[in-house]
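Here the structure comes first, spelled out in structure tokens, and everything after it is commentary.
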Amino acid sequence: MAESLKSSRADTVQHITTPGGLKVWLVENYAVPLIALNFALVGGAAQDPAGKAGAATMLAGLLDEGAGPYDAEAFHKELDTYAIEMSFGADHDHFSGRMRSLKKHIRPAFDLLRLALNEARLDADTIERVRSQLLAGIKRDAHDPHELASAAWRELAFPGHPYSQATHGTLDSVAAVTREDLLALHRQCFTRDGLHIAVVGAIDAQTLSAELDQVFGSLPERGHRLSIPAIELHNLGTRKIIDLDIPQATIQFGLPGIARHDPDHVAGFVVNHIFGGGSFSARLFKEVREKRGLAYSIHSGLATYEHTALLMGSTSTKNERALESLSVIEDEIAKMAAEGPTEDELIQAKKYLTGSYALRFDTSSKIASQLVHLSTEGFTPAYLDERNALIEAVTLDDARRVARRLFADKKLLVTIAGKPENVAEQG
């Protein structure tokens, strides 16, 4: 599959408009008799009703738990009979789904997908089972230092905004979700105007078009999604400690990022790889782990949401070395702001980022996932060919300028779960 996309990934992508008006990206490939379909719908957990965070996650978890004439057990039996893989999810900005099937089973595969999206049963006993699973996970997370640090960080970063809430909700919010809430959320978000579809595999455009019109054609043309405001990162300079009696301190830190379509985003991506995103080659890894043995791992990454952009990072260290770890992180931020990356760091980062890109396209499922991701972010398939050239075009002056933009005069928002010694709360 990767070889078939080597010369021009974009040229392999067909832009299809079905008779029903659906826009689809298709990569035909008959090397293996499989079909991989990925889709996304604008919406997700940001559309959860007030006081009922977790509703989108519940709805996604229920779509394959009984639909049409099949209860949950019968639906999964059909999937097993035809070796069909199907799953659904929700992040803050989107509902998503994936299906994988053998070519010879496309008729039952598409029919089961149609039922899941259009005729999910939402039976009372199934709702309670999925609710119980969510609640059990939330109870486990109440003792997970990473989850506690992340939850506190979101609440400080995005006060009063949907992004402040965990996608899985809280004990109280999940308990409050009703079947009517789930049906209303489905009507709100499962509509054709927010739909992105990519298909890869052994199927032609005409056959695919007919199947997709059956699956998605009955969805309403437009929904009535809540308007979600853009939000900047709040409470910079704040340090908050979540007291947890464990030997290690889990540290979550963040700064404002760079939006996906900002001209500086690609340079920011390269700079972050050098700073904390490149695992063994990153400055944070070298300074925190290799030189000082403060942590087993540390990383940072640019995160782009529909309504905000962040540079996020995290690590775990012994309580007695938490302050030292924070100091090293802040020192590296100051150095990156003042000096930027070196020429050798830039060369090595570009070599890795361009060379590893092909690994995202070595299976049908990965290709379909990448295409949907591009579509939701507002790109065309041409970006598949442009991406590496954009990285190669980043100059040392670009990287140093964007490093200053990301890191100069910025104070971290930090949350720590544990009992960090000599670390005082700030802000």
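The values are calculated or read from the model by the stated rules, or taken from the named source; none is laboratory data. Fair warning: this is a prediction, and the values are worked out from it, not measured in the lab. All Cβ positions, even for glycine, are placed from backbone atoms using ideal geometry, and neighbour counts span all protein chains on display.
For residue 198, the requirement of being small (Gly, Ala, Ser), surrounded by 20 or more Cβ atoms within 10 Å (Cβ to Cβ) and closer than 26 Å to residue 147 by Cβ is not met.
Inside segment 299-329, residues that are assigned to a strand (DSSP E or B), crowded, with 18+ Cβ neighbours inside 10 Å and of a type in the set (A, V, I, L, M, F, W, C) make up a count of 5.
Looking at 136, 230, which one is over 30 Å from residue 364 (Cβ atoms), among the small types (Gly, Ala, Ser) and either in contact with a strand residue (DSSP E or B) (Cβ under 9 Å, 6 or more places away or on another chain) or in contact (Cβ under 8 Å) with a residue 40 or more places away in the chain (or both)?
Working: 136 fails: either in contact with a strand residue (DSSP E or B) (Cβ under 9 Å, 6 or more places away or on another chain) or in contact (Cβ under 8 Å) with a residue 40 or more places away in the chain (or both).
The conditions single out 230.
Listed by first and then second residue, the pairs linking a residue in segment 250-273 that is within 25 Å of residue 414 (Cβ to Cβ) to a residue that is modelled with pLDDT under 95, with Cβ atoms under 6 Å apart and 6 or more places separating them unless they lie on different chains, are 255/410. Sub-6 Å Cβ pairs linking a first residue in segment 65-93 that is within 21 Å of residue 369 (Cα to Cα) to a second residue that is of a type in the set (Lys, Arg) and not in a helix (DSSP H, G or I), at least 6 apart or interchain, are 85/100; 87/98, ordered by first then second residue.
Restricting attention to segment 305-364, which residues are of a type in the set (Val, Ile, Thr) and either in contact (Cβ under 8 Å) with a residue 40 or more places away in the chain or not assigned by TED's automatic domain parsing to the domain that holds residue 412 (or both)? Break it down stepwise before answering.
The initial filter retains those residues of segment 305-364 that are of a type in the set (Val, Ile, Thr), namely 308, 315, 317, 328-329, 333, 342, 347, 354, 363.
Within segment 305-364, 308, 315, 317, 328, 329, 333, 363 meet the criteria.
Under the condition of being under 27 Å from the mean Cα position of the chain (by Cα) and among the polar types (S, T, N, Q), which residue from segment 52-88 is surrounded by the fewest Cβ atoms within 10 Å (Cβ to Cβ)? Of everything passing the filter in segment 52-88, 87 is surrounded by the fewest Cβ atoms within 10 Å (Cβ to Cβ).
Restricting segment 7-51 to residues that are surrounded by 22 or more Cβ atoms within 10 Å (Cβ to Cβ) and among the charged types (D, E, K, R) leaves a set whose member that is farthest from residue 192 (Cα to Cα) is 9. With respect to residue 249, is the statement that it is hydrophobic (A, V, I, L, M, F, W, C), in the same structural domain as residue 378 (by TED's automatic domain parsing) and either within 23 Å of the chain's Cα centre (by Cα) or assigned to a strand (DSSP E or B) (or both) true? Yes.
Those residues that are over 30 Å from residue 163 (Cβ atoms) and surrounded by 20 or more Cβ atoms within 10 Å (Cβ to Cβ), I need them from segment 122-151; list them, please. Working first, answer last.
Looking only at segment 122-151, we keep the residues that are over 30 Å from residue 163 (Cβ atoms), and these are 123-125.
If the condition is that a residue be over 30 Å from residue 163 (Cβ atoms) and surrounded by 20 or more Cβ atoms within 10 Å (Cβ to Cβ), then no residue fits.
If you check 134, 117 for being under 28 Å from residue 315 (Cα atoms), outside the structural domain of residue 363 (by TED's automatic domain parsing) and aliphatic (A, V, I, L, M), only one passes: 134.
Take residue 351 and tell me if it is among the charged types (D, E, K, R), under 21 Å from residue 385 (Cα atoms) and either touching a Phe, Trp or Tyr at 6+ places or on another chain (Cβ under 8 Å) or surrounded by fewer than 16 Cβ atoms within 10 Å (Cβ to Cβ) (or both).
Working: among the charged types (D, E, K, R): yes; under 21 Å from residue 385 (Cα atoms): yes; either touching a Phe, Trp or Tyr at 6+ places or on another chain (Cβ under 8 Å) or surrounded by fewer than 16 Cβ atoms within 10 Å (Cβ to Cβ) (or both): yes.
Judged against the criteria, residue 351 is a match.
For segment 163-192, give me the residue count where each residue is within 22 Å of the chain's Cα centre (by Cα) and free of Cβ contacts under 8 Å to residues at least 60 places away in the same chain. Selection size over segment 163-192: 1. All conditions but one from (1) assigned by TED's automatic domain parsing to the domain that holds residue 183; (2) assigned to a loop (DSSP other than H, G, I, E, B) apply to residue 223; the one that does not is (1). Quick one: would you say residue 288 is touching a residue at least 60 places away in the same chain (Cβ under 8 Å) and either surrounded by 20 or more Cβ atoms within 10 Å (Cβ to Cβ) or not assigned by TED's automatic domain parsing to the domain that holds residue 155 (or both)? Judged against the criteria, residue 288 is not a match. For segment 203-248, filtered to residues that are touching a Phe, Trp or Tyr at 6+ places or on another chain (Cβ under 7 Å) and surrounded by 18 or more Cβ atoms within 10 Å (Cβ to Cβ), the residue that is farthest from residue 307 (Cα to Cα) is 211. Exactly one residue among 394, 423 is surrounded by 18 or more Cβ atoms within 10 Å (Cβ to Cβ), more than 25 Å from the chain's Cα centre (by Cα) and either farther than 30 Å from residue 247 by Cβ or assigned by TED's automatic domain parsing to the domain that holds residue 268 (or both), and that residue is 394. The requirement of being of a type outside the set (Ser, Thr, Tyr) and modelled with pLDDT of 95 or more is satisfied by residue 268.
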